[in-house]
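Heads up: the structure comes next, in structure tokens.
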Amino acid sequence: MSGEHDAATVRRVEQVMGFPVSLAIRGRHREDAAGRDAWDAVLASLRAAEAVFSHYRPQSWASRLGRGEVTVADCPPEVAEVLAIAEEARRDSRGAFDVHRPGADGVRRLDTAGVVKGWALERAAVWLTGLPDTDSCLSGGGDVLCHNASPGSPPWHIGIEDPADPRRIIATVAIANGAIATSGTAHRGAHLVDARTGVAPTAVAQVSVIAPSLTRADVDATAAYALGPDAARWLGGRPGTSGLVVWADGTTEVVADP
């Protein structure tokens, strides 16, 4: 995804959680100490989430939980919160989305990435939304959360990349307060699978979801992608969301809020 740029907008970027996290900020605190402190707090929040949930760190709580060395009750409360979100998504998607999914050897393993990215960004963004008279657009790994402090502020214009050529924008959406998340394989390869089978869907290339909550948008985009040929039909039944499905043949389908 890509966002707009103008002279009144200050941009910052940092590598966190394995992907670049960027901030576009405008208004009263875009360049002062309060704005810089809020950005530092965002990064600290994301690094704290990474320490708990990273599956690349053998001693993270998520890694230890996945190996059965600890229980959910032993973990920080954020773990139970994320697993509760994941369980709701599993039920809603009829099992296509599941943080417990089969690996190449058939063994089911814990992988919370489908929830944690959007959840962590949304949780971190409270440091930005608390800044008076300041608008912000926080993005990372295909997820974007927009906040306008004033009803008179212009919306943020977010570009949706073409999965076949990420240098090309296939659609642009205007968001004042809300979120958009995209799930696909353009940047990370075939890492998304239908949890019921462990097989990557072939009918769909990319799903973008717009919702009031970034956690919801992120989970729904991943779940819809995992459902493959049922992506648009399932997403069309999700209240409060809209989206764009890019099929494997390059055609697109707009899904309106039901």
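The values are calculated or read from the model by the stated rules, or taken from the named source; none is laboratory data. Source: prediction; values computed, not measured. Because the Cβ atoms are built from the backbone with ideal geometry, glycine has one as well, and the counts that use them run over all protein chains shown. For the accessible areas, the whole protein counts, side chains as well, though only heavy atoms, and no ligand, DNA or RNA atoms are used. Shrake-Rupley method; radii C 1.70, N 1.55, O 1.52, S 1.80 Å.
Taking every C-alpha pair closer than 8 Å and separated by at least 6 residues, the mean separation divided by the residue count of the chain gives a relative contact order of 17 percent. Placing pseudo-labels 7 Å out from each Cα toward the beta carbon at residue 171 and residue 126 gives an inter-label distance of 3.2 nm.
Leaving out ligands, DNA and RNA, what percent of the accessible area of the range 43-188 is carbon and sulfur, probe 1.4 Å?
Here carbon and sulfur together make up 54 percent of the probe-accessible area.
Derived value for the range 71-143: Kirkwood hydrodynamic radius 14.3 Å. Basis is the mean of 1/r over every pair of different alpha-carbon atoms. For the range 155-247, pairs of C-alpha atoms spaced more than 23 angstrom apart make up 19 percent of the total. Shown for the range 64-197 is the translational diffusion coefficient from the Stokes-Einstein equation, using the Kirkwood radius over Cα pairs, a temperature of 4 °C and a viscosity of 1.567 mPa s: 75 µm²/s.
Report the calculated FRET efficiency for residue 31 and residue 252 (r = Cβ-Cβ distance, R0 = 45 Å), to the nearest 0.05. Let's see the in-between values first.
On the way: r = 39 Å, r/R0 = 0.86.
Approximately 0.70, to the nearest 0.05.
Grouping the Cα pair distances of the range 6-72 into 10 Å bins from zero gives a pair-distance distribution of 20, 36, 23, 15, 6, 0 percent in increasing distance order.
Rg/Rh for the range 135-178 to two decimals, with Rh computed the Kirkwood way over all alpha-carbon pairs. Could the numbers behind the result be given before it?
Numbers: Rg = 11.7 Å, Rh = 11.3 Å.
Result for the range 135-178 is an Rg/Rh of 1.04.
Going from the alpha-carbon gyration tensor of the chain, what semi-axes, largest first and in whole Å, does one get by taking the root of 5 times each eigenvalue? Could you put the intermediate results ahead of the total?
On the way: eigenvalues 166, 114, 45 Å².
The equivalent ellipsoid of the chain has semi-axes of 29, 24, 15 Å.
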